[in-house]
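Asks: One structure coming up, written as structure tokens, with questions to follow.
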Amino acid sequence: MAPPFRHTAVPRSLHQIAACMHLVDGPIDAEAFRRALSGEAAASGCGAVAEFVGMVRADLVDAKSTTADEQPHTRAVEAIVYEAYAPMAERILAELEREIQKASGAMLCRIRHSVGAVPAGTASMWIGVAAVHRAEAFEALRSAVDRVKVEAPVWKWERFAGGESGQQPPGSSTPDAAPHKPPARQADDRKTAGRWVTGPQSPSSF
């Protein structure tokens with residue numbers, strides 16, 4: 001019997017991606033979103049704009065040997081693959097924008113998060129806020145970053161460098177299959193070419 005909850009990557013068709021306002025396929029173009037927010041802020045009479053750009057880090061991860069003959073070694077994180085339950089993610093991120101604006105007094109809050117593969121050194125999350133004064137902008141930005149990391153239904157899969165294909169998530173038979181959310185015991189399995197990092201403290205991203 002299938003589990004009651006499944007998370008899937010956002011479909012790659014242009015029509016379906018365009019329908020997702022908060023989810024971005026692949027790395028985020030922070031400059032494009034910054035320009036758009038600045039235009040909104042100017043038209044709204046805001047005096048402060050603040051942004052956060054979350055980047056994927058090329059961390060070195062200690063890998064355990066898979067047999068008694070192998071020596072432990074380190075592998076560099078090449079990319080993080082993000083997956084999300086798109087309908088829920090869109091709804092929750094939109095709700096977060098509204099709640100943060102109301103609580104902080106910010107006039108604008110915009111949240112964008114990647115799905116799919118995001119290479120090390122590129123952006124996987126962008127949050128921009130605009131307010132009349134800087135205090136409200138800073139408060140809104142910090143609140144938005146903290147809440148997205150905890151509340152957004154997005155999961156992360158580390159992919160290592162060196163041409164390794166990585167571990168297939170449980171419940172999938174092909175790279176494009178919709179995997180089940182991995183059990184907790186697999187969240188730190190370093191015996192394979194990749195590993196799930198499901199908690200809010202991802203070791204390789206912002």
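For (1) part of a strand (DSSP E or B); (2) surrounded by 21 or more Cβ atoms within 10 Å (Cβ to Cβ); (3) modelled with pLDDT under 95, each residue gets a yes or a no:
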residue	(1), (2), (3)
E40	no, no, yes
T66	no, no, yes
A94	no, no, no
E99	no, no, no
S124	yes, yes, no
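Asks: Taking the stated definitions as given, is T74 under 29 Å from G121 (Cβ atoms), of a type in the set (S, T, Y) and modelled with pLDDT under 95?
Replies: When the stated conditions are applied, T74 passes them.
Asks: Going residue by residue through segment 102-114, is there one that turns out to be modelled with pLDDT of 95 or more, closer than 16 Å to K156 by Cα, within 18 Å of the chain's Cα centre (by Cα) and not hydroxyl-bearing (S, T, Y)?
Replies: Yes, because at least one residue in segment 102-114 is modelled with pLDDT of 95 or more, closer than 16 Å to K156 by Cα, within 18 Å of the chain's Cα centre (by Cα) and not hydroxyl-bearing (S, T, Y).
Asks: A follow-up question, please. Cβ-Cβ under 6 Å, sequence separation 6+ or interchain: first residue in segment 85-109 and within 18 Å of A48 (Cα to Cα), partner among the aliphatic types (A, V, I, L, M) and outside any helix (DSSP H, G or I). Which pairs?
Replies: Close Cβ pairs satisfying both conditions: E97/I111; A106/V129; A106/A131; M107/A130; M107/A131; L108/A130; C109/V129.
Asks: May I ask you to list the residues in segment 126-146 that are more than 23 Å from E158 (Cβ to Cβ) and surrounded by fewer than 18 Cβ atoms within 10 Å (Cβ to Cβ)?
Replies: Scanning segment 126-146 gives V132, H133, R134, A135, F138, R142.
Asks: What residue, among those in segment 70-112 that are out of contact with any helix residue (DSSP H, G or I) (no Cβ under 9 Å at 6 or more places or on another chain) and of a type in the set (K, R), is nearest to E151 (Cα to Cα)?
Replies: Selected residue: R91.
The values are calculated or read from the model by the stated rules, or taken from the named source; none is laboratory data. The structure displayed is predicted, hence computed values, not measured ones. Positions of Cβ are backbone-derived with ideal geometry, glycine not excepted, and every protein chain shown enters the neighbour counts.
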